[in-house]
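Peer 1: Attaching a single structure in structure tokens format; questions to follow.
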Amino acid sequence: MTAETITADASGTFELGDLPVRRIGFGAMRLTGSAAFHLGTSSDRARSIAVLRRAVELGVNHIDTAAFYFSALRSANELINTALAPYGDDLVIATKVGPFRDWSGEWGTSARPDQLRGHVEENLRQLGRDHLDLVYLRRMRQDSIAEHFGALAELREAGLIRHLGISAIKPRHLAEALEIAPVVSVQNQYGLDAPDPEADELLRMCGERGVAFVPYFSVAAEGGERGAAETPYEEHVRAVAEAHGVGPAQIRIAWTLHQGPHVLAIPGTGNPDHLAENVAAGALRLTEEELQGLNALHTKGA
């Protein structure tokens, strides 16, 4: 089998509340090429639409986006709407609120709790939906998320949101949110090259509670928003990749998925070849020796 023929089914499934998704999803941020995210120029519009449609053809049914994913030329939500509406019954679109940008792209301060309804409604408008499958509250350095998460919980009760998640949190915020409403997913930075004891603790806590853990920048390594970079891990990762006949990014995705059945991956790309490779990473099975070696690198942080 080639990368082009492997589908997201190979990654397995996990339920976000009552919504089953394949563990390999798609992150839409890179489609915009927004300078605010240090991602360079926008991908060609027709190519971006083709990538989204191809992702669904390859079995991806979990797409991660946000209304603030936009550049001067591209809006991730608009691209998703154009490419995929009318949406399939099994397609889950996750978005997030908390940060916001004005029409010029300038970042504002964190949204107040009373502003979140407007942000949810903007995502609904852009995506052409009458409800949102999953909305993350992206924490913006607040000590407590109770007031903001409570506002989203009210919108869930009103039927605008089906499920709730939280993002960029510390372990204590998961317990705080669960006191208010069910949490189906946590989205935090996490990756092989980014050791973080708090992220490891969150991954464990989510597994114990049946909550999905969805890392972002898990492929970008130390480059974070700036993209993948050479790291002290690279030599080891490349050796494992060569043993499987794949690229280092695929090994990073596979390692992420090996961290637990509740871990989902949302790699993003505007390149159709990279899309096929990312999806195919869900079929990779690392040996116990390979996994132990990569885990040791992650734990040591060097």
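No value in this document is a laboratory result; all are computed from the given coordinates. Since this is a predicted model, take the numbers as computed values, not measurements. Here the Cβ is made from the backbone with ideal geometry for all residues, glycine too, and neighbour counts use every protein chain on show.
Peer 1: If you plug each phi of region 132-139 into the Karplus form 6.51 cos²θ - 1.76 cosθ + 1.60 with θ = phi - 60°, what whole-Hz ³J(HN,Hα) values come out, in order, with x for Gly and Pro?
Peer 2: Couplings: 9, 5, 8, 10, 8, 8, 8, 5 Hz.
Peer 1: Averaging sequence separations of C-alpha pairs under 8 Å and six or more residues apart, then dividing by the length of the chain, give the relative contact order as a whole percent.
Peer 2: Relative contact order for the chain comes out at 21 percent.
Peer 1: Here's something else I'd like to know. Check residue 27: other-chain or 5+ apart residues with amide H under 5 Å from its amide H, H built from backbone geometry?
Peer 2: 64, 268, 269
Peer 1: Using 10 Å bins from zero, what percent of all Cα-Cα pairs in region 60-162 falls into each bin?
Peer 2: 15, 49, 31, 6
Peer 1: Compute the FRET efficiency between residue 178 and residue 242 as 1/(1 + (r/R0)^6), taking r as their Cβ-Cβ distance and R0 = 30 Å, and round to the nearest 0.05.
Peer 2: So the FRET efficiency works out to roughly 0.10.
Peer 1: Quick one: if you stick a label point 7 Å off each Cα along the C-beta vector at residue 102 and residue 196, how many nm between them?
Peer 2: Taking the two extended label points, one gets 3.0 nm.
Peer 1: Would you pull out the residues with amide H under 5 Å of residue 216's amide H, same chain only if 5 or more places away, H placed 1.01 Å from N?
Peer 2: Counting only residues 5 or more places away or on other chains, the set is 188, 189, 190.
Peer 1: What's the Cα-based Rg to Rh of region 246-302, Rh via Kirkwood?
Peer 2: Reported Rg/Rh, Kirkwood definition of Rh: 0.99.
Peer 1: Using 0.36 nm per residue, how much length does the chain from residue 142 to residue 291 gain when fully extended, once their Cα-Cα distance is taken away?
Peer 2: That works out to 50.1 nm of additional length.
Peer 1: Spelling out what I want: for every residue of region 144-151, take phi, set θ = phi - 60°, compute 6.51 cos²θ - 1.76 cosθ + 1.60 (Karplus), and round to whole Hz; glycine and proline get x.
Peer 2: 10, 9, 4, 5, 5, 5, x, 5
Peer 1: Right, here's the next one. Remind me, what semi-axes does the chain give for its equivalent ellipsoid, largest first in whole Å, using sqrt of 5 times each Cα gyration tensor eigenvalue?
Peer 2: Ellipsoid semi-axes (Å, largest first): 28, 22, 18.
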